[in-house]
Amino acid sequence: MYTLRSKYVMRFALHIIRMEPCCPLDPIMATSTLSLDSYSVHRDYLALHQYRLVPDRSLLHTIGGRACIAPFQATYLCTSHTWLCTCSTGLQWILNVEFVCIQAGLITPSTTKQLIIALEPEAASIYCRKLRMRECIPDTVPALSVSPSPSPSTGAPKYTLAGSHSTSKSSLSPSTEAGACISSQPTYNGPREKISPTHHALTSSAILSQPMCPGAFAADFSFGMRYLVADCGGGTVDLTVHELDEGGKLKELYKATGGAWGSMGIDCQFEALLADIFGEKFMAHFTHNKPISWVELMSLFEAKKRAFNPQKNLPVNISLPYAFIDYFRERTGQSVKSAVDSYGDTGVQWTSQGMLRLHPSVMMTLFEPIVTSIVRHISDLLLIPELSRIEYLFLVGGFSESPVLQEAIRVEFRNYLRVVIPQDVSLTILKGAVMFGLDPSLVHIRRSTLTYGVGCLHPFMPQKHPIEKRVTKGGREYCTDVFDTFVYADQPVSLGHAAIRSYAPATSSATSTIITLYASEKEFVRFVTDPGVRKVAQLKLEMPQLQSRCRELHMSMVFGNTEVTVEAVDITSGQTAAASVDFLNK
């Protein structure tokens, strides 16, 4: 049965762009491209727009102005065009984009090289480096204030409406003195230290030396400029830090980070509010038995959530579906009005027009946990010593359209970072993906999100290895389950970089060997059995019997755009085995 919750779990959103060979493509044209919106789509269908499948005979309008039926578009063009897909770096269930595109008929197993995968934070970064002042949302007077002390319940700053009961000013509020704005990048006073997670990272007076003019914005980015991109979407928030190299290439300064702080978290807060008002048991029955009305209710809230602006200080009216009102009366024997009145919060009212009215302060409490988590994570990133001299913070993604998030970010960071929000904030990723498709080498140095290595045997050393790891093979003692590292987490890896290791079979008479590739979020790993280590790929290498007793195996890991290609070679016989894993697999 289809419910809104299942939509959150199963929805698979990709931007898919057909790249014309030998034909320059304007990034603005990316707004009229195809979209795939289901995880496993039959090859005779494509999904266009949100939550809508295309029937067999539907006409699809391509970038080149042609029109063809959906099955033809999905199966014929895969043999002659390159497809560009964007995906988030933080959602584990969409990492195997290649499989999904094969299922949709965009490519075939033999034409996988015609698929380019662009990571959304990188695509946004590529586009943002070309922005001009006229293409950004102008800065405004902040409508939010941040209390200098942490909230007792969350240990984080509490966002309130300007003019509300909270009169304390943020220690980071913009200076109002004349001539306070400067054009130079602020510097940090002394080394920055990690602070307690119960205290907000940016309330330390030792961080800033001078305020920054919020209106300043360079017309051209120069060599060595550093900036942070926050891709705030519906499910996750992904952050990446880049440095501009000579020739306009990008260098990743820190591994991609983020968390589940997307706009859907606000929906969860609203669901919790409804459960408090009408009861968890009733809401569970309603979502299960009235899924269409539940989707309608959450769609109405989605529209109100997007339009909510704390500057206007207006209540939010949400029209409850008639099925909700009738079902509540049927299940509980009381009216919706009586339940709202019994809730006892003056910020939540039931109107005579049959609407649930939420005071702006109540709406702000729905945003607060998500916005606070985003601000705290950005703050923690800026406190990392390796990420000093960051000049810009670009806010992109669909959630970035929210005035609440925009003002919270500006209030917290405008004193020492230039907070830049593009006009077409929700299309930034799509336009940047087109630029990446035209030149995938734009990001030439990335950071490995995980530590990669293989499981192998080492000669046993009693002083170094635990006794329970000792095994005997061919009359010799070995330490088993050793994690032999190829690349460390957060290690910079250039495009096309190859890491090569040499191994020998434990027994010279072996006719085959299995090589397993492991990964861990920890930087240093000793054994493949350590907590957090997981298997990501496996290779079986056939080794025909030869007279030579000295055999050597070479294993290489080649880092491409977003994938690692693993290859094992038996030097004696020339036999090879290969596999690939997602470089940014999380």
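The values are calculated or read from the model by the stated rules, or taken from the named source; none is laboratory data. Please read all numbers here as calculations on a predicted model, not as lab measurements. Because the Cβ atoms are built from the backbone with ideal geometry, glycine has one as well, and the counts that use them run over all protein chains shown.
From (1) farther than 24 Å from D570 by Cβ; (2) surrounded by fewer than 18 Cβ atoms within 10 Å (Cβ to Cβ); (3) touching a residue at least 24 places away in the same chain (Cβ under 8 Å); (4) within 37 Å of the chain's Cα centre (by Cα), pick out the condition that doesn't hold for A498.
Looking at each condition in turn, A498 falls short on (1).
Restricting the search to the range 106-137, which residues are among the β-branched types (V, I, T), touching a strand residue (DSSP E or B) at 6+ places or on another chain (Cβ under 8 Å) and not in a loop (DSSP other than H, G, I, E, B)?
Across the range 106-137, the qualifying residues are I116, I117, I126.
Okay, residues lined up against (1) outside any strand (DSSP E or B); (2) modelled with pLDDT under 85; (3) surrounded by 19 or more Cβ atoms within 10 Å (Cβ to Cβ):
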residue	(1), (2), (3)
A408	yes, no, yes
S426	yes, yes, no
A433	yes, no, yes
V454	no, no, yes
P462	yes, no, no
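When you go through V420, V362 one by one, which is the residue that is among the β-branched types (V, I, T), in contact with a Leu (Cβ under 7 Å, 6 or more places away or on another chain) and surrounded by fewer than 23 Cβ atoms within 10 Å (Cβ to Cβ)?
Checking each option against the conditions leaves just V420.
Looking only at the range 541-551, decide whether some residue is over 30 Å from Y254 (Cβ atoms) and modelled with pLDDT of 80 or more.
No, the conditions are met nowhere in the range 541-551.
Restricting attention to the range 389-398, does a residue exist that is among the hydroxyl-bearing types (S, T, Y), within 20 Å of the chain's Cα centre (by Cα) and not in a strand (DSSP E or B)?
No, the range 389-398 contains no residue that is among the hydroxyl-bearing types (S, T, Y), within 20 Å of the chain's Cα centre (by Cα) and not in a strand (DSSP E or B).
If only one of T485, T449, T480, T513 is crowded, with 19+ Cβ neighbours inside 10 Å, in a strand (DSSP E or B), modelled with pLDDT under 90 and among the polar types (S, T, N, Q), which one is it?
T513
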